[in-house]
1. Quick check on segment B:4-27: of everything there that is within 12 Å of the chain's Cα centre (by Cα) and among the β-branched types (Val, Ile, Thr), which residue is nearest to the other protein chains (Cβ to nearest Cβ)?
2. With respect to A:Arg137, determine if the residue is more than 9 Å from chain B (Cβ to nearest Cβ) and either in contact with a Phe, Trp or Tyr (Cβ under 6 Å, 6 or more places away or on another chain) or without any contact (Cβ under 8 Å) to a residue 12 or more places away in the chain (or both).
3. Tell me which residues, restricted to segment A:270-322, are among the hydrophobic types (A, V, I, L, M, F, W, C), over 17 Å from A:Leu208 (Cβ atoms) and either within 16 Å of the chain's Cα centre (by Cα) or at pLDDT 90 or above (or both).
4. How many of the residues making up segment A:211-236 are surrounded by 16 or more Cβ atoms within 10 Å (Cβ to Cβ) and within 25 Å of A:Pro318 (Cβ to Cβ)?
5. Touching a Pro at 6+ places or on another chain (Cβ under 9 Å), surrounded by 21 or more Cβ atoms within 10 Å (Cβ to Cβ), among the small types (Gly, Ala, Ser) and within 30 Å of A:His288 (Cβ to Cβ) - does that describe any residue in segment B:85-103?
6. Here are the criteria: (1) free of Cβ contacts under 8 Å to residues at least 60 places away in the same chain; (2) buried (at least 20 other Cβ atoms within 10 Å of the Cβ); (3) more than 10 Å from chain A (Cβ to nearest Cβ). Tell me which single one B:Leu48 does not satisfy.
Amino acid sequence: MPERTTTQELIFYLVIAAAMTLVITASLVALDAFDFIYEYTRSHEDMELDELILGIAAALFSLVAVGMFKSVNDLRRYREAVEARRKLEKELEHRQRLSALGTLLGGMAHSLNNYLLPIEMLCGLTRDGLDTKLHERERQHLGKVLEATKGAKSVVAEALTFARADASGEQVDLNTALRHALVLVDAMLPPTANVSKAVEPGLGVVDLSLQQVQTIMLLLVQNALDAADDEVSIEIRAERDPKGAIIKITDDGPGIPLDIMPRIFEPFFTTKPQGEGTGLGLSTVYGHVNGAGGNLRAENVATGGARFILWLPSNPSPAKGS
Amino acid sequence: MPRILIIDDDDLVRYAIAETLRRAGHEVIECAGAADGLRVMTEGAPDLCILDMIMPDQDGLETLTRMKGLGLKTPVLAISGGGRTGLGLYLQTASLLGAKDILSKPFDNEILLAKIEEMLAR
């Protein structure tokens, strides 16, 4: 149901005020109020009727104006509070869903690992026991089974990255890690892509490993590349925050359709055709960032394109510089 | 011939590990639960114990604690397939509780055998 805007609300109150004026005027006329005032002022010669009426009208007008201004202001504040609450509830629901998915995936990964282990070990055992001359073909087949098992293992491992909310136990200076990560980012970008980078010094030490920071940056840039064409412009900014560091990655692609926005961090969610993407990129980033006590969100920018904003809690670096 | 005890509730996992170890020339004792495993260790110390961390009757961490209480000195290789926070947390804690080495599932034959040889040589 569409909600009324503040302007519509203002018109509504003006109509109410006009209706009330009509009712009050009709009542005053019916009561011969004017005669009463006239009589009253006649008997008090020192008062002037014109000034009294004008004074009352001015006071009424002022009261109505102040009241309406206050009402509209209160209404706007109420709307904002309701909207903020709605956003918060949505965010909470989103986090709860991701957390439930994490638990589900963790359990699934445990079971799958227990199935993959015998497949891999017994295939290897059988293959190694086969005669290389007599059973070359069978050995090849088992080699393919082992290859497929390795693929399945890596998918389970990636899904576990999302599922695990625990930190890696490692720490790294974010400036140093970003420097390394941005070298890899440069290497992966097509020459037609346009990248601007601005990294503030003193971002501090975060609860991530160097590899995790590299993975986060590569996956987010890869995501921008997948969404846009080769001539994409990507802006990477890293800034200090009172309690940590903020990294923003903005592209000028088509942006994220609003209907899929709530699902983009879910594992295995992908908009790519089947077989072209695992849907684990952004969920892996989410897992790393969450594990480090930070948060990750996405938004569309007004000029077009998408922006990923990740916040990481950090402590000042012990060594100066970087 | 080294005697290796495998404690894992998953039949397929136990079978695969046992077959690999037997092929490599080890004597293998299999137990599907921690209580059984503790009994085997008390009766005659094996050279090494491969202990799963997540089991229904008694988890690996509890087993390690009981081993300590019983004064059992069998070197333990802790294995785990994870869970939500399981993999890192379980295996790290297992090390703190006295497991000599850790291995996350799934692993292949070469990795397991290399780890076993290394532990037996210590």
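The values are calculated or read from the model by the stated rules, or taken from the named source; none is laboratory data. Quick caveat: nothing in here was measured; it's all calculated off a predicted structure. With ideal geometry, Cβ positions are generated from the backbone for all residues, glycine too; neighbour counts draw on all protein chains shown.
1. Among those residues, the one meeting the criterion is B:Val13.
2. So A:Arg137 fits the description; yes.
3. Just the residues of segment A:270-322 that are among the hydrophobic types (A, V, I, L, M, F, W, C), to begin with: A:280, A:282, A:285, A:289, A:292, A:296, A:298, A:301-302, A:306, A:308-312, A:319.
Checking the rest, the ones that are also over 17 Å from A:Leu208 (Cβ atoms) come to A:280, A:298, A:301-302, A:306, A:319.
Those that are among the hydrophobic types (A, V, I, L, M, F, W, C), over 17 Å from A:Leu208 (Cβ atoms) and either within 16 Å of the chain's Cα centre (by Cα) or at pLDDT 90 or above (or both): A:Ala298, A:Val301, A:Ala302, A:Ala306.
4. Selection size over segment A:211-236: 6.
5. So far as segment B:85-103 goes, yes, one or more of its residues are touching a Pro at 6+ places or on another chain (Cβ under 9 Å), surrounded by 21 or more Cβ atoms within 10 Å (Cβ to Cβ), among the small types (Gly, Ala, Ser) and within 30 Å of A:His288 (Cβ to Cβ).
6. That leaves (1) as the condition not met.
Per-residue answers, yes or no, for (1) within 30 Å of B:Glu110 (Cβ to Cβ); (2) more than 12 Å from every other protein chain (Cβ to nearest Cβ); (3) under 36 Å from the mean Cα position of the chain (by Cα); (4) surrounded by 18 or more Cβ atoms within 10 Å (Cβ to Cβ):
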{"residue": "A:Leu104", "(1), (2), (3), (4)": "no, no, yes, no"}
{"residue": "A:Gly107", "(1), (2), (3), (4)": "yes, no, yes, no"}
{"residue": "A:Leu116", "(1), (2), (3), (4)": "yes, no, yes, yes"}
{"residue": "A:Ile119", "(1), (2), (3), (4)": "yes, no, no, yes"}
